[in-house]
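What follows is one structure encoded as structure tokens, with my remarks underneath.
Just so it is clear, none of the values below were taken in a lab; they were calculated from the coordinates. Since the model is a prediction, treat every value here as computed from it, not as a measurement.
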Amino acid sequence: RGRTVAWTTDIGPHWLSQDFLGWPLYGRLMGNMVRWLAGNE
């Protein structure tokens with residue numbers, strides 16, 4: 001039994017824009033996904 005995250009987006013400017021990358025909570029979102037996947041929630 002494992003965990004899965006499906007980040008279903010493309011690399012286009014409407015999904016991975018500089019605004020999204022610059023969003024103050026972007027790092028927290030990605031970090032939380034990785035920690036959850038690793039079972040370190």
Give me the percent of Cα-Cα pairs in the chain that sit more than 17 Å apart, rounded to a whole number. 42 percent
For Val5 and Met30 in the same chain, what is the full-extension length gain: residue separation times 0.36 nm, less their Cα-Cα distance, in nm? 7.9 nm
